[in-house]
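A quick write-up on the structure given underneath.
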Amino acid sequence: MFWKTRSLEELTPSQWESLCDGCGRCCLIKLEDEDTGEIYFTDIACTLFSAGTCACSDYANRRRRVRDCIGLTPAKVRALAWLPPSCAYRLVAEGRDLAWWHPLVSGSPQTVHEAGVSARGRVRALEKQVRLADYPDHIVKWPRQMPRPRKPKPAAAADASDEL
């Protein structure tokens, strides 16, 4: 439970990487209103986004391949108002605890998907598949909202549904 005892600046590189819950919300394309500065999320993902895993398909080279990919740092976590409210980096920076579905709490990388927190099944297109003029038609609210708490399926019920 290092996230409870260390600040973002004190984390080792492996601890930093493990804070990412794998939801994919930060990989969604965002639009900024030039007049108000308000940020709007879309259901369009970065071209490197893998919809099945909600992960980057070329994480090691993402910032070279995608010019506007932002590498998170403790300072950026505190400055970026668009980070989703469920983002573990944001939660730790604010002195809050991780949710039950976070892999570091649950012990499974699947709980973020099982809890309905991730972008899995919600991405409608990758950025190169949509004309820039059509981006506003893809604005969605769910990435800016804290996920509703959902309890994971009991193991017996989950096993029974797998047999269907």
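The values are calculated or read from the model by the stated rules, or taken from the named source; none is laboratory data. As the structure is a prediction and not an experimental result, all values here were calculated from the model. Here Cβ is always computed from backbone atoms with ideal geometry, including for glycine, and neighbour counts include all displayed protein chains. Ligands, DNA and RNA are stripped out before the accessible areas are found, and what is left, the full protein with its side chains, is counted by its heavy atoms. Shrake-Rupley method; radii C 1.70, N 1.55, O 1.52, S 1.80 Å.
Points worth noting:
- Residues of segment 81-93 satisfying the condition of being more than 13 Å from the chain's Cα centre (by Cα) and at pLDDT 95 or above: V92, A93
- Every residue from segment 41-97 that is among the aliphatic types (A, V, I, L, M), in a loop (DSSP other than H, G, I, E, B) and under 18 Å from W16 (Cβ atoms): I70, L72, L80, L83
- For segment 109-136, a residue qualifies if it is over 20 Å from the mean Cα position of the chain (by Cα) and part of a loop (DSSP other than H, G, I, E, B), and the qualifying residues are V130, R131.
- Qualifying positions in segment 35-51 - open to solvent by 50 Å² or more (accessible area, probe 1.4 Å) and either modelled with pLDDT of 95 or more or out of contact with any Gly (no Cβ under 9 Å at 6 or more places or on another chain) (or both): D35, T36, E38, Y40
- R96 being within 23 Å of I39 (Cα to Cα) and free of Cβ contacts under 8 Å to residues at least 60 places away in the same chain: no
- Each residue in segment 1-40 was checked for being over 27 Å from R122 (Cβ atoms), hydrophobic (A, V, I, L, M, F, W, C) and not in a helix (DSSP H, G or I), and 2 of them qualify.
- From the options E34, E17, E9, E38, residue that is more than 18 Å from K76 (Cα to Cα) and acidic (D, E): E34
- Tally of residues being buried (at least 17 other Cβ atoms within 10 Å of the Cβ) and assigned to a loop (DSSP other than H, G, I, E, B) across segment 98-108: 4
- Pairs are defined by a Cβ separation below 7 Å, a sequence spacing of at least 6 or placement on different chains, a first member in segment 49-70 that is β-branched (V, I, T), and a second member that is assigned to a loop (DSSP other than H, G, I, E, B); the pairs so defined are V66/C46; V66/T47; V66/L48.
- For segment 71-89, a residue qualifies if it is touching a residue at least 12 places away in the same chain (Cβ under 8 Å) and open to solvent by 70 Å² or more (accessible area, probe 1.4 Å), and the qualifying residues are R78, A81.
- Condition check for T5: of a type in the set (S, T, Y) and open to solvent by 70 Å² or more (accessible area, probe 1.4 Å): yes
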